[in-house]
Amino acid sequence: MSPPKHGYQSYLVSRSVYSETNFQEENEKNEVVQKTFRERVRKHVRCTPRSALLVVKSIFPFLDWLPKYRWKEWIVHDIISGVSTGLVSTLQGLSFALLAAVPVGYGLYSAFFPVLTYAFMGTSRHLSIGPFPVVCLMVGVVATSMAPDENFRLSNDTVVNGSTTTAEIDIERRDQARILICGTLCFLTGIIQLGLGILQIGFIVRYLGEPLVGGFTTAAAFQVLVSQIKQVLNVPTGNYNGVFSIILTIIDIFANIAKTNIADLIAGLLAFIVCVVVKEINEKYKQKLRVPIPIEIIVTIVATGISYGAKLEKKYKAGIVKTIPSGFLPPVLPDVSMFQQMIGSAFSIGIVAYAVAVSVAKVYGTRNNYPVDGNQEFIAYGVSNMFSGIFSCFCASTALSRTAIQEGTGGKTQIASLISAGVVLIAIVALGRLLEPLQKSVLAAICIANLKGMFWQVRDVPRLWRENKWDSVIWVVTCIAAIILGLDLGLLAGLVFGLLTVVLRVQFPSCTSLANVPDTDLYKDVKIYKNLIIPEGVKIIRFSSGIFYGNIEGLKGGIKKIVGFDTVRVFNKRAKALRKIHKLIKKGELSTTKNGIITSDGIDNKGFESDDDLEAPHAEDMPEVATKEVEIQVDWNSDLPVLVSVPKVNIHSVIFDFGQITFLDVVAVKSLKLIFKEFKRIDVDAYIAACDDIIFKKLEVCSFFDETITPDLFFLTVHDAVLYVESERKFRSGHDPFLDKISLMQESKGQLEFTEMSPMYNELDPQEQALRALAS
């Protein structure tokens, strides 16, 4: 048997045409029993052994995977992965500490302490927790703004031989102040993250979409680059924060570029070139290399040896690490008095650190088939940062390169992270002092070499432009804002702009005209597809988003464009023509049949004018026109016996496809009701198809239905509505439309009294009229 000509399968369905009323009569709804508040609380707080175990496992996920750990298969992989990751964490901790504006030794603490808690509470098995350049830079901005160099000068500036000599800075006291600030900031960030996790607000990361995060991290990478270039050049610059800080820093770098330390510049450039080249080799041959070449470690060892042997500090005044504390410092309580000053920065740092880490965690979770719980991740990061803050660490996140190494070298679980923490511990206790001769320019070069992935995100902009122009604009705006305004304000500006684009997209939804695909029950956009069949006298209109007070006027404009006329203007013109016809009948210049049909030849209508009649009165200013005993039957699309041009109405039905409507507000419901009645009074029937049950319920609650607008006007599909309309027109064509519609005239020249009726818009109370005015 040969397959069907069109498509792989076909089906034939025979059923009744369903309106909402008919469908609900034949299909009984489930009875929804609303639980009381007490029942909901009891469900969530009841404690059974099983529920208690599940709660404990959710808080400490390692209790779930550790009993299933395959020691013989996985332990070797975790050891190799842990050692490799630990070596990289050690070097990145030292280099990223420069961004946080604290002594480099505290970068080792920040690579060690967060791992101890996250390994037991995190839901990701491959994430490498520790310093992240973007977060470190944000921490450094707070530290330098709250403890600037100017606050730690040993004496005032002095004038010697006509030139100003800047006083020396008490570096030790400044560093201690910044260490306390970083620890306090880390602790406060942990409190915020823990609170968001307990309140189940993990969904907040959804508002930090891929374009926004991409633009923000690229801007942060640029700021990291600028901050590290001054380390490579070893030139003095001012400590700027806030708006235009990065531009002012660049100006200072160029102003003082003549003071570049050649030894630091050469060491930094060589370290950067070697790191970039070897990283490219690692990437190109990653399938063949079981373990990537630890180029950061090799460069660090070689550079330390050269600096120590050549005595670069003494001979060339090279900037070196100088002091790395050995062992651990005692825990220090955070300074609560600083909370008010840094709470805004703590919130933005906590959100950025969480967003980056969770994004990476979900990638590796999907790749290795295990779930990542966003709310538990918030809790894990919160506890980790609170614990780390007591030990003078700065806020932790993840670094893409470290996590890639941990997973790429065969890491299976967080045991690899614990082993990497052990490697960092060895560096803290025993090997840290060996790195004291290391030049800061080499650490800065290593830091810059790790920014490649973030800079390459620029390539996403053309792709986003092809896929969705709004996302591309969000990326660019966020990036520029973060560079110009600073990371905190830039992130806020990007978030606000992203939400604004959502509002704009909802405020200007598409309103399309549909037609039938031949021999099917499908309906598609007439502008996109050819050979569609437009039902005679019927317009099918589809809305593409929720309807609310902000976009209802736009939808009215879309309806007017599709049907080809303005219902209010048509009604006003018809009312004007009827008044003139009435006067002619009273004068005897026109006559009517017993059924109210005008029989005089009269004066021909000169034509139909366009809808752009600015002098036409609005429906609010024009009462409805009705007769006391009789209605005059007029064919409004033919020549009229008066000099009044009435727009043509060449349709008899309008069907609104509500299949894509997600929500309605009160103003939208009232406006839809007016739209229905405006069509009805010019003899155009309006219907709604594919309305969701929730939207239907909303219409009921908002009193959409009355004597003229009933649930019978709602149909399950567009095709149901079209079939119903066609059957109704066929039924009506078998009867005399005038006998169905018109009462008998008393006499051809009888008095026709036109009584004024309250305008339709008077159905709105003053408050609703005000809302309608705002919507327009």
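Our note on the geometry: Cα centres of region 424-452 and region 511-579, 68 Å apart. Using a cutoff of 8 angstrom between alpha carbon atoms and counting only pairs six or more residues apart, the relative contact order for region 493-564 works out to 35 percent.
Rounded, prolate or oblate, given the Cα gyration tensor of region 255-351, with a/c below 1.5 counting as rounded? Oblate. For the pair LYS68 and ARG40, the difference between a 0.36 nm per residue extended length and the Cα-Cα distance amounts to 6.6 nm.
With a Förster radius of 25 Å applied to the C-beta separation of CYS47 and LEU199, the computed FRET efficiency comes to 0.75. One way to sum up the overall shape of region 161-248 is the equivalent ellipsoid from its Cα gyration tensor, whose semi-axes run 36, 21, 10 Å, largest first.
Once you have a ≥ b ≥ c as the square roots of the Cα gyration tensor eigenvalues for region 687-732, tell me rounded if a/c is under 1.5, and otherwise prolate or oblate according to whether a/b is larger than b/c. Taking the square roots of the gyration eigenvalues as a ≥ b ≥ c, region 687-732 is oblate. Simple spin-label estimate for VAL277 and ASN531 gives 6.3 nm between the two label positions (7 Å along the Cα-to-Cβ direction from each Cα). Dipole orientation for the chain: of the candidates VAL526, VAL363, LEU233, LEU233 has the Cα lying most toward the positive pole (charges on Cβ; Lys, Arg +1; Asp, Glu -1). If a/c stays under 1.5 just call it rounded; otherwise compare a/b with b/c (prolate if a/b is bigger, oblate if not). Do that for region 380-503, with a ≥ b ≥ c from the square roots of the Cα gyration tensor eigenvalues. Verdict is prolate for region 380-503. Net charge dipole, region 182-302: roughly 320 debye, given to the nearest 20, about the Cα centre with Cβ charges of +1 for Lys and Arg and -1 for Asp and Glu.
Projected label points at VAL17 and ILE247, each 7 Å from Cα along the beta carbon direction, are separated by 6.6 nanometres. The calculated FRET efficiency for LEU265 paired with LYS362, based on their beta-carbon distance and R0 = 41 Å, is about 0.50. For region 452-459, putting each phi into the Karplus relation 6.51 cos²θ - 1.76 cosθ + 1.60 with θ = phi - 60° gives couplings of 4, x, 6, 5, 5, 5, 4, 5 Hz, in residue order, rounded to whole numbers and with x for Gly and Pro. Label-to-label distance, GLU31 versus GLU589, with points set 7 angstrom from Cα along the beta-carbon direction: 6.9 nm. In region 1-157, Cα pairs under 8 Å separated by at least six residues give a relative contact order of 18 percent.
Working note: 222 nm ellipticity from helices only, DSSP H runs with n ≥ 4, each -39,500 (n - 2.57), summed and divided by the residues of the chain, gives -17000 deg cm²/dmol to the nearest 500. Convex hull of alpha carbon positions in region 658-719: directionally averaged projected area 4.1 nm².
Shape annotation for region 34-144: C-alpha extents along the principal axes are 56, 45, 19 Å, from largest to smallest. For region 252-351, the list of trypsin sites (Lys or Arg not before Pro) that fall in a loop by DSSP and count at most 12 other C-beta atoms within 10 angstrom reads LYS286, LYS288, ARG290, LYS311, LYS317.
About its Cα centre, the dipole of region 320-462 is roughly 400 debye, where the only charges are +1 on Lys and Arg Cβ and -1 on Asp and Glu Cβ. Residues whose amide H falls under 5 Å from that of THR717, counting only those 5 or more places apart or on a different chain, are ALA690, with hydrogens built in the peptide plane. Summing Cβ point charges (Lys, Arg +1; Asp, Glu -1) relative to the Cα centre of the chain gives a dipole of roughly 3080 debye.
Could you give the DSSP H helices of the chain that reach 24 angstrom or more along their long axis (alpha carbon positions) and whose average Kyte-Doolittle hydropathy is no lower than -1.0? Span-like helices in the chain: 71-97, 105-121, 171-198, 210-233, 262-284, 339-367, 374-390, 487-507, 567-587. Cα centroid separation, region 648-698 to region 212-255: 56 Å. Its relative contact order, with pairs defined as Cα atoms under 8 Å and 6+ residues apart, puts the chain at 18 percent.
Based on the Kirkwood approach, the hydrodynamic radius assigned to region 317-435 is 16.9 Å, with every pair of different Cα atoms included. Would you work out which of ILE552, GLY209, MET138 lies farthest towards the positive end of the dipole of the chain, given +1 charges on the beta-carbon of Lys and Arg and -1 on that of Asp and Glu, about the Cα centre? Positive-most Cα among the choices belongs to MET138. On the basis of the beta-carbon distance and an R0 of 22 Å, VAL302 and ILE426 show a calculated FRET efficiency of 0.65.
Each reported figure results from applying straightforward, stated rules to the coordinates on display, with no laboratory input. These figures come from a predicted structure and were not determined experimentally. FYI the Cβ positions are ideal-geometry reconstructions off the backbone, even for glycines, and counts take in every protein chain you see.
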